[in-house]
Amino acid sequence: MTTHKNYHWRIAGFYFFYFAFVGMFAPYWALYLKSLSFGVIEIGMLMSVQPVMRMVAPSLWGWLADHTGDRLMVVKLAAGLSALTYCAVFFVSGFWGMLLALAAMSFFWSASMPLVEATTLTYLGKQSANYGRLRSWGSVGFIVAVVGLGYALDYIAIRWLLWVGLVIMVGIFLFARLIPPTETEAHHSDEQPVWSIVKQPQVLALFGACFLMALAHGPYYTFYTIYLVDHGYSKGAVGALWALGVICEIGVFFLMPWLLCHATLPQILTVSLALAVSRFLLIGWCVDSLVLVLLAQVLHAATFGAFHAAAVALVHHYFRGRHQSRGQALFGSLTYGAGGTLGGLISGPLWQHWGASLMYSMSAVMALLGVMLMLWKLRVVETARE
């Protein structure tokens, strides 16, 4: 009989390829769109399609997973259809064609991760503090993609990006078929409607703070690469800067068990938001200083790594039993989906009319609002050290 530990590589493989796609798409897809002669507002709209789908699709897929009781079947279906619909990008070059292709691909692609997050935390059980070590393989996949493509694109045509994306999509599909099954334990909240959990003050505070953090990151994920290239950084250097942030993210994933011995999950979220304020001000106003740009990327350890690990753990803490899949899906939809969508949509007009420095200053303001929300509601958050 296969031991519990032998399944780790299957989950790790899925994370690797899933976030390798993010490493291909987030830093470089805007450059591909720019090569098709789209303007900054059109690029902002197209890059916002994925977070729009993350806002709409996960809740539908999460409901289907909980309704059927077979979330892994849903993961496999979504992974296969996302690879199939991705192929449309090879045949479109106009705005509306690209919009439809990205919408179809993202609708299926965004379904998998919340369900896999729920599966991973159920699989780990009482060892959930080790979530970061499995999730770190996604960060490794991101680094491989972002660094490899960063240097490759200095020598090859940007259109090769499409083929890299297809190979990664196939990898996602193959590992989706290998994820181990888990059994969801019954919980006394199973008979409650999921919205009764969402309306709890501590859950609203969590979702609100994460929404603001995702909103703050919208301009970063949409325009950071173009922003650096416009200031004289090579594509290879840009790839290395993206990779630096993710390397620091991996480090904090491994440190999470230690951090949780010294701070609660809400405290980790609050400090991460506070550091995001500094990070976005550095990006907006100190882009010509390599030292400060490097410092801003090191802070990715907090603004994504620690923040994400703590947020996912809190969602798992509040949404139990048959609500696990929908809890992670709602979290993704209402925070990363809605926040990322709004952040991406407003970043184009902000840059065009007021410049990149003000755009990233607005990111800092959103993170500051998140700090204020967490400090206001921190005392009512009832969670144990995990």
*Please specify each residue of region 28-46 satisfying the condition of being outside any helix (DSSP H, G or I) and on the phi < 0 side of the Ramachandran plot.*
Leu36, Phe38, Gly39
*Single condition Leu121 does not satisfy, out of (1) within 24 Å of Leu215 (Cβ to Cβ); (2) of a type outside the set (Val, Ile, Thr); (3) crowded, with 19+ Cβ neighbours inside 10 Å*: (1)
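Report whether or not Thr85 is assigned to a helix (DSSP H, G or I) and at pLDDT 90 or above.
So Thr85 fits the description; yes.
Out of the residues in region 330-360 meeting the condition of being of a type in the set (S, T, N, Q) and surrounded by fewer than 18 Cβ atoms within 10 Å (Cβ to Cβ), tell me which one is farthest from His316 (Cα to Cα). Explain how you work it out, then say what you get.
If we filter region 330-360 for residues that are of a type in the set (S, T, N, Q), which is where we start, we get 333, 335, 341, 347, 352, 357.
Restricting the remaining residues to those that are surrounded by fewer than 18 Cβ atoms within 10 Å (Cβ to Cβ) gives 352, 357.
On the way: Gln352: 40, Ser357: 37 Å.
This residue is Gln352.
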*Could you list, in sequence order, the residues of region 47-70 that are within 17 Å of the chain's Cα centre (by Cα) and either of a type in the set (A, V, I, L, M, F, W, C) or not in a helix (DSSP H, G or I) (or both)?*
Met47, Ser48, Val49, Val52, Met53, Met55, Val56, Ala57
*Check off (1) modelled with pLDDT of 85 or more; (2) within 24 Å of Gly284 (Cα to Cα) for Leu345 and give me the number that stays unchecked.*
(1)
*Do any residues in region 252-273 that are closer than 18 Å to Met374 by Cα and outside any helix (DSSP H, G or I) have Cβ atoms under 7 Å from those of residues that are among the hydroxyl-bearing types (Ser, Thr, Tyr) and at pLDDT below 90, where the two are at least six apart or on different chains, and which pairs are they?*
Thr264/Thr383
_Sole residue being within 26 Å of Gly337 (Cα to Cα), in contact (Cβ under 8 Å) with a residue 60 or more places away in the chain, surrounded by fewer than 24 Cβ atoms within 10 Å (Cβ to Cβ) and charged (D, E, K, R), chosen from Arg159, Arg133_ = Arg133
*asked:* Conditions first: (1) over 15 Å from Ala356 (Cβ atoms); (2) of a type outside the set (A, V, I, L, M, F, W, C); (3) part of a helix (DSSP H, G or I). Thr222 passes all but one, so which condition is the exception?
replied: (1)
*What pairs can you find where one residue is in region 348-361 and farther than 19 Å from Ala30 by Cα, the other is assigned to a helix (DSSP H, G or I) and at pLDDT below 95, and their Cβ atoms are less than 9 Å apart, with a gap of 6+ or different chains?*
Leu358/Leu350; Leu358/Trp351
*Residue among Val287, Val291, Val312 that alone is at negative phi, part of a loop (DSSP other than H, G, I, E, B) and hydrophobic (A, V, I, L, M, F, W, C)*: Val287
_Test of understanding: among Val198, Val238, Val194, Val229, which residue is more than 16 Å from the chain's Cα centre (by Cα), β-branched (Val, Ile, Thr) and crowded, with 21+ Cβ neighbours inside 10 Å?_
Val238
*Flag if Val315 is under 20 Å from Leu259 (Cβ atoms) and surrounded by fewer than 22 Cβ atoms within 10 Å (Cβ to Cβ)*: no
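Condition test on Gly340, is it within 20 Å of Tyr224 (Cβ to Cβ) and touching a residue at least 12 places away in the same chain (Cβ under 8 Å)?
Details: within 20 Å of Tyr224 (Cβ to Cβ): yes; touching a residue at least 12 places away in the same chain (Cβ under 8 Å): yes.
Criteria met by Gly340.
Condition check ((1) modelled with pLDDT under 90; (2) under 17 Å from the mean Cα position of the chain (by Cα)) across all residues:
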residue: Leu290; (1), (2): no, no
residue: Phe307; (1), (2): no, yes
residue: Ala311; (1), (2): no, yes
residue: Ala338; (1), (2): yes, yes
residue: Trp354; (1), (2): no, no
residue: Met362; (1), (2): no, no
residue: Ala367; (1), (2): no, yes
residue: Lys377; (1), (2): yes, no
residue: Thr383; (1), (2): yes, no
*asked:* Report every pair of residues separated by at least 6 positions or lying on different chains whose Cβ atoms are under 7 Å apart, first residue within region 363-386 and within 24 Å of Gly340 (Cβ to Cβ), second among the aromatic types (Phe, Trp, Tyr) and modelled with pLDDT of 85 or more.
replied: Ser363/Tyr220; Ser363/Phe280; Ala364/Phe280; Ala367/Phe280
*asked:* Go through (1) without any contact (Cβ under 8 Å) to a residue 40 or more places away in the chain; (2) closer than 30 Å to Tyr123 by Cβ for Gln324 and report which single condition fails.
replied: (1)
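The values are calculated or read from the model by the stated rules, or taken from the named source; none is laboratory data. Predicted model only: the values in this text are computed from it and were never measured. Please note: Cβ atoms are built from the backbone with ideal geometry, for glycine as well, and neighbour counts cover all protein chains shown.
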